[in-house]
Amino acid sequence: MASKNKRFADDAWAVWVNGDDNSTVYMNDWLTPTGDSYVDFAVRIRGVKSSALLNVYVPFGVTKDEITDTSLKFEDEGVLRATFSAACVIDYKKNECTSEIAYNARTIDLVHISCLEYELKPLSSGTLITVNIEKLRKYLANDEAYFLWRMPHKSLNEIFKPHINVRGLLTRLRDLITTPVVSEKYGYSIRINEARLLPDEINRIGAFHRQKLKKAVITISIGEDYSMNDANCYRIRRVEKELYKDYVPECFNCDDAITYQWNQNRNTDMLGHFNFYFDVSRDYVSKMSMFIYMILLMVVGIIGGFLEDLIKLIFGINW
């Protein structure tokens, strides 16, 4: 079987909230290996009125122009139901900075990050996003709030990008000729608040080391022609096309897409460090192999016809 180079992305994220010790992080990856992948990032803060800053370290460069405020799409209650897996009611844009959602007998503020002044600081190997919560307090009606946004997942786009190995061109040609089946395999690791993988600029911040996340929830949505190591999933379902049609990134195809979900909490890791690993793989028939087969058949047919004519000429055979 022909096999493409196996590639691996090791994403080290960091999240801490000055004044809070009960945050939950949510990451929803919309994987498009043949195009652009995006990640929806969300933090739920309990005790938000007594918190000062929300800090998120992103393990790649990102600009404000690349950040989309996905909370503005929650005016559609179908999107709310799909996102929170519950019947939800929303008081959309209750004020200039927040909406209020009610579900499961609780009310929570939904912060519209596009209405806030937040800071993006480029670091040696990523970006630090800082949201000033103190300036938001006058808009908060509840002591629990969601902050969420979407951005390109550049580290995944990099490993999914086609690579040409010049040294292996002959080997690749041999593989294309010997079998039309190609195997792709990608490794993807998400590590949250694991200090040894983070840049020095983050490890020098005292508040980061005093933070303990309560829970991390990871969701990956991808087409069904790709396989995931789903043994530890606690939820697998089809992407509800009717609910998500106006929410997913433009390049993501909901048809036949599957959503996988994992979670970890501080009951299993008292340090509040979370580590997820995923295998993404696909076997498919190479169009290039089929094209080469057609060329070879044509060449063999031409050579066979030439040899036939040559033998007739040499031996004077007519039939």
Quiz item: Being out of contact with any Leu (no Cβ under 9 Å at 6 or more places or on another chain), modelled with pLDDT of 85 or more and farther than 22 Å from ILE192 by Cα, is that true of even one residue in the stretch 4-19?
Solution: no
Self-check item: Selected residue (only one of GLU117, GLU66 is free of Cβ contacts under 8 Å to residues at least 24 places away in the same chain and either under 21 Å from the mean Cα position of the chain (by Cα) or farther than 30 Å from ILE159 by Cβ (or both))
Solution: GLU117
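So that you can scan it fast, the table gives a plain yes or no per residue for (1) assigned to a loop (DSSP other than H, G, I, E, B); (2) farther than 20 Å from THR68 by Cβ:
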| residue | (1), (2) |
| --- | --- |
| THR219 | no, no |
| ASP225 | yes, yes |
| ASP230 | yes, yes |
| ILE236 | no, yes |
| LEU243 | no, no |
| VAL248 | yes, no |
| CYS251 | yes, no |
| ASP255 | yes, yes |
Quiz item: Does GLY61 satisfy the criteria of being of a type in the set (Gly, Ala, Ser), at pLDDT 90 or above, outside any strand (DSSP E or B) and farther than 26 Å from GLY19 by Cα?
Solution: yes
Quiz prompt | Filter pass, ILE205 being open to solvent by 20 Å² or more (accessible area, probe 1.4 Å), β-branched (Val, Ile, Thr), out of contact with any Phe, Trp or Tyr (no Cβ under 7 Å at 6 or more places or on another chain) and modelled with pLDDT of 85 or more | solution = yes
Quiz item: If you take just the strands (runs of 3 or more DSSP E) that sit entirely in the stretch 75-150, which of them hold at least 2 residues that are closer than 20 Å to LEU243 by Cβ and of a type in the set (Ser, Thr, Tyr)?
Solution: 98-103
Quiz item: How many of the residues making up the stretch 241-262 are modelled with pLDDT of 85 or more, charged (D, E, K, R) and either surrounded by 13 or more Cβ atoms within 10 Å (Cβ to Cβ) or in contact with a His (Cβ under 6 Å, 6 or more places away or on another chain) (or both)?
Solution: 0
Quiz item: So, of the residues in the stretch 70-82 that are open to solvent by less than 60 Å² (accessible area, probe 1.4 Å) and in contact (Cβ under 8 Å) with a residue 60 or more places away in the chain, which turns out to be nearest to the chain's Cα centre (by Cα)?
Solution: THR70
Self-check item: Residues being closer than 30 Å to LEU123 by Cα, in a helix (DSSP H, G or I) and not acidic (Asp, Glu) - total across the stretch 64-74
Solution: 4
Practice problem: Residues being closer than 10 Å to TYR146 by Cβ and either surrounded by fewer than 15 Cβ atoms within 10 Å (Cβ to Cβ) or among the hydrophobic types (A, V, I, L, M, F, W, C) (or both): count how many of those fall in the stretch 83-100. | Solution: 1
Quiz item: Before we move on, is THR34 at pLDDT below 90 and over 20 Å from ALA216 (Cα atoms)?
Solution: yes
Self-check item: Yes/no for ASN265 being touching a residue at least 24 places away in the same chain (Cβ under 8 Å) and surrounded by fewer than 13 Cβ atoms within 10 Å (Cβ to Cβ)
Solution: no
Exercise. Considering only residues that are of a type in the set (Asp, Glu) and open to solvent by 40 Å² or more (accessible area, probe 1.4 Å), look in the stretch 101-139 and name the one that is nearest to THR63 (Cα to Cα).
Key: GLU119
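Rundown of residues vs (1) aliphatic (A, V, I, L, M); (2) farther than 26 Å from ASP76 by Cα; (3) at pLDDT 95 or above, yes/no style:
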site	(1), (2), (3)
SER99	no, no, no
TYR103	no, no, no
ILE108	yes, no, no
CYS115	no, no, no
SER124	no, yes, no
ARG137	no, no, no
LEU140	yes, no, no
GLU144	no, no, no
ASN157	no, yes, no
Quiz item: Restricted to the stretch 208-217, and to residues that are in a helix (DSSP H, G or I) and out of contact with any strand residue (DSSP E or B) (no Cβ under 7 Å at 6 or more places or on another chain), which residue is surrounded by the fewest Cβ atoms within 10 Å (Cβ to Cβ)?
Solution: ARG210
Exercise. Residues being under 16 Å from the mean Cα position of the chain (by Cα), surrounded by fewer than 23 Cβ atoms within 10 Å (Cβ to Cβ) and part of a loop (DSSP other than H, G, I, E, B): count how many of those fall in the stretch 11-36.
Key: 5
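The values are calculated or read from the model by the stated rules, or taken from the named source; none is laboratory data. Just so you know, these numbers come straight off a predicted model, no measurement behind them. Cβ: placed from backbone, ideal geometry, glycine included. Neighbour counts: every protein chain shown. Please note that ligands, DNA and RNA were not included when accessible areas were found on the heavy atoms of the full protein model with its side chains. Shrake-Rupley method; radii C 1.70, N 1.55, O 1.52, S 1.80 Å.
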